[in-house]
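What follows is a single structure, written as structure tokens, with notes after it.
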Amino acid sequence: MTYTDSKEIPHVNTSDPIEVFCQEAPEVASAFDGLIQSLVDTKGLDAKTKQLVYIGIKAAQGESTAIHYHVPMAKKLGATRAEIRDVILLTLTTSGLKGVTSCLPVALKAYDEAGA
């Protein structure tokens, strides 16, 4: 039987898309984690800058879920609220209002609610 609606999968917490990914495709998730770690380990940019670049790219795509998870990571690495705001505002010239309207409120809320 194939499940087309995630609500039909009783053993999976569908409120966390990463958890669904890890439970449903553990080998792929592990390989993806390896890719992420190799990018984290590159030396050309510091960790905070990498997070800011990632936030900007995801905002340009309108990916508010990624913004929700990555803004606290950036804050923990020393990013300021102004840096988060500005990296999202920069997407205006390349992607229009979509990233700003869908991601800026999420980003600022996540920043304000994240611990120091």
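Of note:
- Test: residue in segment 17-28 that is in a loop (DSSP other than H, G, I, E, B), surrounded by 13 or more Cβ atoms within 10 Å (Cβ to Cβ) and either modelled with pLDDT under 90 or within 17 Å of the chain's Cα centre (by Cα) (or both): no
- Selection count, segment 81-116, where residues are in a loop (DSSP other than H, G, I, E, B) and surrounded by 13 or more Cβ atoms within 10 Å (Cβ to Cβ): 3
- Condition broken by Glu24, with the remaining ones in (1) outside the structural domain of Ser95 (by TED's automatic domain parsing); (2) of a type in the set (D, E, K, R); (3) closer than 24 Å to Thr101 by Cβ satisfied: (3)
- Unmet criterion (only one of (1) of a type in the set (Val, Ile, Thr); (2) assigned to a helix (DSSP H, G or I); (3) free of Cβ contacts under 8 Å to residues at least 12 places away in the same chain) for Thr42: (2)
- Taking the criterion of being in a helix (DSSP H, G or I) and either under 15 Å from Leu90 (Cα atoms) or touching a Cys at 6+ places or on another chain (Cβ under 9 Å) (or both), the residues of segment 52-65 that qualify are Leu52, Val53, Tyr54, Ile55, Gly56, Ile57, Lys58, Ala59, Ala60, Ser64.
- Each residue in segment 53-66 was checked for being surrounded by 17 or more Cβ atoms within 10 Å (Cβ to Cβ), farther than 17 Å from Gly96 by Cα and of a type in the set (A, V, I, L, M), and 1 of them qualify.
The values are calculated or read from the model by the stated rules, or taken from the named source; none is laboratory data. Treat the numbers as computed from the prediction; the structure is a model and nothing was measured. As a convention, Cβ positions derive from the backbone with ideal geometry for all residues, glycine included, and neighbour counts pool all protein chains shown.
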